[in-house]
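Participant: Structure incoming, see below.
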């Protein structure tokens, strides 16, 4: 506490010292020039530099305020930071006013909108969890657009009704002015929401809904503000249907136009980061400049600037994170946070200071109280109504408690204050009243609702963000669920959300990655390598810490009995993919230290168990990491991966190929073991076993597959795929000893550098095989096609070759039923795969 | 045929269209090969297991009734109507969904997920780079975490308990089946 008082005292002194000379300098004016009579050694140059000096000083003072109340941590637990900053602003404002008798420092709208707001919005967009955002975009838009319009309309109309009823006494206003006031105060404020919700940690869906709404409602606010402002200028008489229609059109133009501007700038940023490999020093700067330009460009075109900046950040984050060097990425992240947080602090402090100014205060109890009441009531009504409608369509409906928190979280903030300051005094006689009301509303929502938010959330037992570490079983099971859902959606053939997203992912991979990402980034876009890399770094740091604790890192080398040569084990492919690991984490033998540890721990784990508890813990650590890095990501998984810290995962064509090969192989295996009378591991083979006498006949029905599939427009690509399993089952009942022998030697888990053996067989055998007549007719996959498939599995090219291989299949479809296969045909077909 | 509230009539119509589209032979039954024709399923690591789940033990074909019944597992649970204790457990309740998931692991239907069965699933879901030892250590740790009666296998109750924090209804529901 003494420290608190000491620092406050210092602050106050500094402020007094500054305010005195500033006022003094303004008083004495700039006109007089003193003629010098002797050489001055030191001159007091206040007039020349007072502007930047004051700016810097105010920034410093605002940020120091944060320090002040950090000294008393229990205070921050009760009152949110934003509230405390406003309080300090009051104190400072009081001091300045006391010194100068006039409020010299106020939050000017221009400063706010052009120097303080853009970085907050850019940061919001850049760190937005995209999958969550786009997953809930429908709900967010409903709340942002319809909700804000509802709030504005009801508030304006209610106030107008009360004014007509005479509750407010004699104020010079009208319906349009009240509607304008309603529209500017109706919007939920992103700055306030960030400030309060970040400290409360509600579950992610709730957070993204409120946060997304606060960002996207700017489109509506800007339009409503401009429309009503124009209407007030035109006068009530000139408003007819045309003007109203123009108003509606302007909404679409402003909102969509703003977003488009943002997307264009996002593209520019991504393209730019693609080329800045050699100027990594200044690379992060481009993001800020271009982000700011997107804001300004939209503002210049009178489109929605906040929307533009948001979408710029949202769209470019993935590509620039992939393109830029890690250091640049972390620089960008940290700097954004500094700017955003700094701006927020300054805004709240000045919101407090601006209040201490008697010249703006006009008190009309009824107006203020009614506004507060109506804001509250109509917000809740709006949220409940809209959620009720949305719940008819949502998979996971929002429950009552979440709705309550959402309604309560409708905080108003500095944006409303900035907008009200922009009003023209001549048109709006009651501007001062509106300013006062806005300030009161802002204080009420930020302070009161901010303070009571946390207790409310705890009391209502709102689902909080999950922080607990999931068990292994949960992790595996979650992944199983994802795969399951994807499979069920495929089986039931319904185009769900997954279908559209799948299409988007395909489009993205095919075009956007090629356009916007450097080749290296494209290759290492694999989720596995990124997470593996990050985990390696994490491992390495923890081992270093352990080493420092124990004196040196020698313990690692001594206890790891296996000295794994990383290169040999994983082949050249790996080193190409992970240049960072190769170059940065070099151990003494030019082998990545962490990979030694990673590989060696499991193989010596049996010994470790008895010896060292620490090692056992790292093995547990290991199992989680192994799962994390190696579990196949299902298609749906790619979309719902939300974490501010980890990079996004994308579809891994390697993974897809691996799974596909394995599935085909297992089908073939089960098929083969069924033939041999061996008890099969899979259920499907059980059926085939019973079907043995009919197999030959069934082979025919399969071969007619392409015929029917071609006509089926809905499953166009199924035709190509359909030919695959068909071929797996064809050749039933045909004994091919060469084929059998090869299958027996097949290793179920081939190490990575081998060509999967079933493909190798195809290559080997196709050379001495003469394709039979039937094979040429019925095999959609000729040996040449097969050979084309083989390199596909080892390369990381996009699945273009897959598609390429697909299309000839459908085109070569037969038009007639094939004749029964003579026994020697088995030779040709047994080698396919 | 008794259709005890599996899905709504609108769903039945859509699912029947799908059933017919899959049933190329027009036999009125689906066989594994019909499922195998779905291209994207082959790219699913547990695709074959899911296909297998449609077939009751001993059966080689799936008729429309069973098709709908299995898919009905993925309906979001109906929170509005309270559970009627006299009626059998609805197909999309949390327990039924968990049982469905359990069966995917427990291929031999002995009511327990043995270490070998878990290994099989893990192997199919993890990439080929993962070595046997690593797989085994993961399987061991998983069983260690979940196995309460120390019989080196996971029974249904243990399975259910290990997933009590997971929102099964959300994780195992398809929107269109609402």
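Participant: With each label point set 7 Å from Cα along the Cα-Cβ vector, what nm distance links residue B:12 and residue A:448?
Facilitator: 5.6 nm
Participant: Provide A:301, A:668 in ascending order of the number of other Cβ atoms located within 10 Å of each residue's Cβ, fewest first.
Facilitator: A:301, A:668
Participant: If I stretch the segment between residue A:362 and residue A:425 completely, what's the gain in nm (0.36 nm per residue apart, minus their alpha carbon distance), one decimal?
Facilitator: 21.3 nm
Participant: Now, a different point. Say a paramagnetic label sat at a point 7 Å from the Cα of residue A:243, along Cα to Cβ; which residues of the range A:172-186 have their backbone N under 19 Å from it?
Facilitator: Within reach of a label on residue A:243, which here means backbone N under 19 Å from a point 7 Å along Cα→Cβ, the range A:172-186 contributes A:173-184.
Participant: May I pose another question? If you take the C-alpha gyration tensor of the range A:266-390, multiply each eigenvalue by 5 and take the square root, what semi-axes do you get, largest first, in whole Å?
Facilitator: So the three semi-axes of the range A:266-390 are 40, 21, 14 Å.
Participant: Taking the Cα centroid of the range A:349-383 and of the range A:202-256, what is the distance between the two, rounded to the nearest whole Å?
Facilitator: When both Cα centres are located, 21 Å separates them.
Participant: Return the distance in nm (one decimal) between the two label points of a simple spin-label model at residue A:505 and residue A:278, each offset 7 Å from Cα along Cα→Cβ.
Facilitator: Each label point lies 7 Å from its Cα, and together they span 3.8 nm.
Participant: Next question. Please work out the FRET efficiency for the pair residue B:25 and residue B:131, using the Cβ-Cβ distance as r and a Förster radius of 25 Å; give the result to the nearest 0.05.
Facilitator: E(calc), rounded to 0.05, equals 0.05.
Participant: Between residue A:400 and residue A:544, how high is the FRET efficiency from 1/(1 + (r/R0)^6) when r is the Cβ-Cβ distance and R₀ = 60 Å? Nearest 0.05.
Facilitator: Step by step, r from the Cβ atoms, then E = 0.75.
Participant: Can you sort A:319, A:292 by how many other beta carbons sit within 10 Å, fewest first?
Facilitator: A:292, A:319
Participant: Could I ask something else about it? Give me the one-decimal nm value for the distance between modelled label points at residue A:459 and residue A:296, 7 Å along each residue's Cα-to-Cβ direction.
Facilitator: Going by the 7 Å Cα→Cβ label model, 4.8 nm.
Participant: Multiply the residue gap between residue A:146 and residue A:130 by 0.36 nm, knock off their C-alpha separation, and tell me the result in nm, one decimal place.
Facilitator: That pair, residue A:146 and residue A:130, stretches by 3.5 nm at full extension.
Participant: Give me the extension gain from residue A:199 to residue A:55: residue separation times 0.36 nm, minus the current Cα-Cα distance, reported in nm with one decimal.
Facilitator: Once the chain is fully extended between residue A:199 and residue A:55, it gains 48.9 nm.
Participant: Could I ask something else about it? Rounded to the nearest 0.05, what FRET efficiency do residue B:115 and residue B:170 have when you use their Cβ-Cβ distance and R0 = 30 Å?
Facilitator: 0.55
Participant: Sort A:242, A:200 by Cβ crowding within 10 Å, fewest neighbours at the top.
Facilitator: A:242, A:200
All of the numbers you see were taken from the coordinates with simple rules; none came from a lab. All figures in this text were calculated on a predicted structure; none of them were measured in a lab. Ideal geometry is used to build each Cβ from the backbone, glycine not excepted, and the neighbour counts take in all protein chains shown.
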